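Enquirer: Pasting in a structure now, in structure tokens, and then I'll have a few things to ask.
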Amino acid sequence: MLVKLYRRLIVFARPYRGKMVLASILNIIGNFVGAVNLLALLPVVSVVLGESKSIVGAGGAPLPSNRNILEKFSDLFLVMSRPGELDTEASLVRICLFIFGTYALKNILQYLGGYIMSLVENGMVRDLRDTVFEKLSKLSLDYYYDRKSGQLLSRLTNDVNQVNGILTSSIMTIVGQPVQMAVILSAMVVASVKMTLIALTIAGLSVYLVKLFGTTFKRMAHRLQSLQGDILSVAQEMISGVKVVKSFGMEAYEVRRFKAETEKHYTGSRRLTRVRLITSPLNEMLAVLGFIGILYFGAQEVFAHSMRGGELLFFLASLIMLMQPIKSLTELNGRLYEGSASAENLFSILDAVPSVLPGRSAAPRTIEQPIVFDDVHFNYGSATENAIDGIDLEIFPNEILALVGPSGGGKTTLVDLLVRFYDPTSGSISLGGHSLKDYDLESLRKLFGIVTQDTVLFHDTIFNNIAYGNREASAEMLYEAAKAANAHEFILQMPNGYDTMVGDRGVRLSGGQRQRIAIARALLKDPPLLIFDEATSALDTQNEMLVQEAIQNLLHHRTAVVIAHRLSTIQQADRIVVMDKGKIVEIGNHTTLLSNTDGLYHRLYTIQSRAGTEAVITLD
């Protein structure tokens, strides 16, 4: 499972293969040079201890010939003042220069390799984040409704950084450390095969121990990633709803919520750190036990004249140097398991299948034939009853169709099905004799312009917010759209006119101003069909009149669907569809529906008229 995850992640490294190969080569050479430094210890010991460079075993018998490799390497550093006499000072100078030169070369190579790999890492972070964000943009609405926004933000930030940091460092570790280990092990085998086998046995136990902790790492890392998402969710909710928080005096409550989540994260981090950190000491204790055993065994070899003291010291120094790459590789295993939790989170997004899939045909640019709902049913999945239950309806070109009825009657859901935010559970919706599912989503949604009660503006200028749906429109076209939406005058009164920043979600504007900018945005898009979903329900009378007048400017020679609770605003609609509990209970114009004294429309209109709060604003 772990290998499969990282094999998929390697795909994101393919564009950087050249840089990765170069960085790996530099890292390999650097680690090789670093390991070669170890071999300089043998001539150092020979010089310091005054041991003869000729190797003679017990009783004058020569030791095995495989030692000649180390002998020949040592000879490169030993300077003879005259035959048979060692010049110790000159030899030490040569050894010291070698050590300094090789370490300098190693650090230069590792710096270059690290810098090149950082370019790879930053590029992969960008590419992976872009890929995840692009996939999120293509997923259907139900995917977002089932998840916390903070969790999704955590995927784009924490998980991407975690995966890429581990992936690139893992590549460098996997490529470089085995080379260093191979050089050190080769020298150890030459020095003593028996002691090398003992060292490898200890290393095997260490690997088993790390594998044992791996599943715990993964489980705890999963939990920690989820807690990070919860922290972001609480913060995002407080920031986006700051006005509500302050109006109810709930600052202390929100702080307590946030602290509760950070406390959970702190506890989880502490547990994960405890498990992660205990692995290294356990491995080190195993290594120390192995070191003691090898020291004891090697001393016996020296006492038996089977090995020189210098060679034992050389072997022990090699063993100490071997611990570092082994430690890096064992710690890497834990990091890989931690990273696998983030990788699974990312692939849960990348592998998600949108519930609404695009068709292959381009939708018509205009609406010249009716849009037909044929026995349409829809259920949100978690609900026990259908939100839309057996709808048969036609929307005719250039018709103003109003949807009214009690809250929860299915009006907004019906419009969401029209725009293909969702697909019907059964039945079909067609345009021009073709199911909406046959059309690709981009061209289909160009047919619609939507203005809702909850207007969404982006943290950008007024100009860019109006141009959002039509980036190719000229400035003159945009100004004309603003004038038609009754927005031009108030925009000019803003500090920077059309270049005024509206703030997050348009917080620097009033509700009426936001709605008029949204209408200007819809008008600039110039869609064949306009949808108004409670566009004026949250406005005062003055702003409602301005917005309603702007809506009138939009409706000339267009098809429109208007959802309204205030029935006085849709009296001049061509047809009014009354919905209740997902069904159509009445269809007609205002006059015919009002004449049916037993109908739901008549009852709703009577209630609103008695309240005396409705200003009669028509759509003609």
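The values are calculated or read from the model by the stated rules, or taken from the named source; none is laboratory data. Keep in mind it's a predicted model, so treat the numbers as computed, not measured. Here the Cβ positions follow ideal geometry from the backbone for every residue, glycine too, while neighbour counts run over all protein chains shown. These accessible areas exclude ligands, DNA and RNA; they are computed on the full protein's heavy atoms, side chains included. Shrake-Rupley method; radii C 1.70, N 1.55, O 1.52, S 1.80 Å.
Enquirer: Among the listed residues Glu399, Glu472, which satisfies the condition of being without any contact (Cβ under 8 Å) to a residue 40 or more places away in the chain and of a type in the set (Asp, Glu)?
Expert: Every option except Glu472 fails the conditions.
Enquirer: Please tell me if Lys259 is open to solvent by 30 Å² or more (accessible area, probe 1.4 Å), assigned to a helix (DSSP H, G or I), modelled with pLDDT of 80 or more and in contact with a Leu (Cβ under 6 Å, 6 or more places away or on another chain).
Expert: Numbers: open to solvent by 30 Å² or more (accessible area, probe 1.4 Å): yes; assigned to a helix (DSSP H, G or I): yes; modelled with pLDDT of 80 or more: yes; in contact with a Leu (Cβ under 6 Å, 6 or more places away or on another chain): no.
No: the conditions fail for Lys259.
Enquirer: Sticking with this one: Return yes when Gly409 is exposed (fewer than 15 other Cβ atoms within 10 Å of the Cβ) and among the small types (Gly, Ala, Ser) and no when it is not.
Expert: Criteria not met by Gly409.
Enquirer: Provide a single number: the residues in region 133-151 that are in contact with a helix residue (DSSP H, G or I) (Cβ under 7 Å, 6 or more places away or on another chain) and modelled with pLDDT of 85 or more.
Expert: Residues in region 133-151 being in contact with a helix residue (DSSP H, G or I) (Cβ under 7 Å, 6 or more places away or on another chain) and modelled with pLDDT of 85 or more: 3 in total.
Enquirer: Would you point out the residue of region 428-479, among those that are part of a loop (DSSP other than H, G, I, E, B) and of a type in the set (Ser, Thr, Tyr), that is most open to solvent (accessible area, probe 1.4 Å)?
Expert: Initial filter on region 428-479 (part of a loop (DSSP other than H, G, I, E, B)): 432-433, 440, 446-447, 453-460, 470-474.
Filter once more, so that each one left must be of a type in the set (Ser, Thr, Tyr): 455, 474.
Numbers: Thr455: 17, Ser474: 51 Å².
Going through the qualifying residues, I end up with Ser474.
Enquirer: Let me ask something additional. Being open to solvent by 60 Å² or more (accessible area, probe 1.4 Å) and in a helix (DSSP H, G or I) is the filter here, so list the residues in region 489-507 that pass it.
Expert: Glu489, Leu492, Asp499, Asp504, Arg505 - these are the residues of region 489-507 that are open to solvent by 60 Å² or more (accessible area, probe 1.4 Å) and in a helix (DSSP H, G or I).
Enquirer: Are any residues in region 186-200 open to solvent by 40 Å² or more (accessible area, probe 1.4 Å) and in contact (Cβ under 8 Å) with a residue 60 or more places away in the chain, and if so, which ones?
Expert: Those that are open to solvent by 40 Å² or more (accessible area, probe 1.4 Å) and in contact (Cβ under 8 Å) with a residue 60 or more places away in the chain: Lys194, Ile198.
Enquirer: Could I ask something else about it? Take Thr279 and tell me if it is modelled with pLDDT under 85 and over 27 Å from the mean Cα position of the chain (by Cα).
Expert: yes
Enquirer: Here's another thing I want to ask about it. Across region 157-185, what is the number of residues that are among the aliphatic types (A, V, I, L, M), modelled with pLDDT of 80 or more and surrounded by fewer than 18 Cβ atoms within 10 Å (Cβ to Cβ)?
Expert: Residues flagged as among the aliphatic types (A, V, I, L, M), modelled with pLDDT of 80 or more and surrounded by fewer than 18 Cβ atoms within 10 Å (Cβ to Cβ) within region 157-185 amount to 1.
Matching residues to (1) open to solvent by 70 Å² or more (accessible area, probe 1.4 Å); (2) in a helix (DSSP H, G or I); (3) closer than 22 Å to Glu476 by Cα; (4) at pLDDT 90 or above:
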{"position": "Pro527", "(1), (2), (3), (4)": "no, no, yes, no"}
{"position": "Thr536", "(1), (2), (3), (4)": "no, no, no, no"}
{"position": "Met545", "(1), (2), (3), (4)": "yes, yes, no, no"}
{"position": "Gln548", "(1), (2), (3), (4)": "no, yes, no, no"}
{"position": "Asn553", "(1), (2), (3), (4)": "no, yes, yes, no"}
{"position": "Val578", "(1), (2), (3), (4)": "no, no, no, yes"}
{"position": "Val585", "(1), (2), (3), (4)": "yes, no, no, yes"}
{"position": "Leu594", "(1), (2), (3), (4)": "no, yes, no, yes"}
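Enquirer: Tell me yes or no: at least one residue of region 205-221 is open to solvent by 60 Å² or more (accessible area, probe 1.4 Å), assigned to a helix (DSSP H, G or I), modelled with pLDDT of 75 or more and within 27 Å of Ile29 (Cα to Cα).
Expert: no
Enquirer: Taking region 124-151 only, how many residues are touching a residue at least 40 places away in the same chain (Cβ under 8 Å) and in a helix (DSSP H, G or I)? It would help to see each step written out before you state the result.
Expert: Residues of region 124-151 that are touching a residue at least 40 places away in the same chain (Cβ under 8 Å), as a first pass: 124, 127-128, 131-132, 135-136, 138-143, 148-151.
Retained after the next criterion (residues that are in a helix (DSSP H, G or I)): 124, 127-128, 131-132, 135-136, 138, 141-143, 149-151.
The number of residues fulfilling the criteria is 14.
Enquirer: Can you tell me which residues in region 126-151 are among the aliphatic types (A, V, I, L, M) and open to solvent by 20 Å² or more (accessible area, probe 1.4 Å)?
Expert: Answer for region 126-151, where residues must be among the aliphatic types (A, V, I, L, M) and open to solvent by 20 Å² or more (accessible area, probe 1.4 Å): just Leu141.
Enquirer: Further question: Residues in region 268-281 that are among the hydrophobic types (A, V, I, L, M, F, W, C) and surrounded by 17 or more Cβ atoms within 10 Å (Cβ to Cβ): how many? Walk me through it before giving the result.
Expert: Our first condition is that a residue be among the hydrophobic types (A, V, I, L, M, F, W, C); within region 268-281, this holds for 272, 275, 277-278.
Those still in the list that are surrounded by 17 or more Cβ atoms within 10 Å (Cβ to Cβ) too: 272.
Counting residues in region 268-281 that are among the hydrophobic types (A, V, I, L, M, F, W, C) and surrounded by 17 or more Cβ atoms within 10 Å (Cβ to Cβ) gives 1.
Enquirer: I would also like to ask the following. Let me spell it out: the conditions are (1) over 23 Å from Leu185 (Cβ atoms); (2) without any contact (Cβ under 8 Å) to a residue 40 or more places away in the chain; (3) surrounded by 16 or more Cβ atoms within 10 Å (Cβ to Cβ), and Ala341 meets all of them except one. Which number is the exception?
Expert: Just one mismatch for Ala341, condition (2).
Enquirer: Identify all residues within region 365-393 that are open to solvent by less than 60 Å² (accessible area, probe 1.4 Å) and either aromatic (Phe, Trp, Tyr) or out of contact with any strand residue (DSSP E or B) (no Cβ under 7 Å at 6 or more places or on another chain) (or both); write none if there are none.
Expert: Answer for region 365-393, where residues must be open to solvent by less than 60 Å² (accessible area, probe 1.4 Å) and either aromatic (Phe, Trp, Tyr) or out of contact with any strand residue (DSSP E or B) (no Cβ under 7 Å at 6 or more places or on another chain) (or both): Phe373, Phe378, Asn379, Ala383.
Enquirer: All but one of (1) modelled with pLDDT of 85 or more; (2) farther than 19 Å from Gly339 by Cα hold for Lys243; state the number of the condition that does not hold.
Expert: (1)
Enquirer: Within region 405-442, take every residue that is among the hydroxyl-bearing types (Ser, Thr, Tyr) and under 27 Å from Arg566 (Cβ atoms) and give me the one that is modelled with the lowest pLDDT.
Expert: First, pick out the residues of region 405-442 that are among the hydroxyl-bearing types (Ser, Thr, Tyr): 407, 412-413, 422, 425-426, 428, 430, 435, 439.
Keeping just the survivors that are under 27 Å from Arg566 (Cβ atoms) gives 407, 412-413, 422.
On the way: Ser407: 86, Thr412: 90, Thr413: 92, Tyr422: 91.
For region 405-442, the residue satisfying everything is Ser407.
Enquirer: Return a yes/no flag: does region 508-524 have any residue that is within 24 Å of Ile367 (Cβ to Cβ), crowded, with 19+ Cβ neighbours inside 10 Å and among the basic types (Lys, Arg).
Expert: Among the residues of region 508-524, at least one is within 24 Å of Ile367 (Cβ to Cβ), crowded, with 19+ Cβ neighbours inside 10 Å and among the basic types (Lys, Arg), which makes the answer yes.
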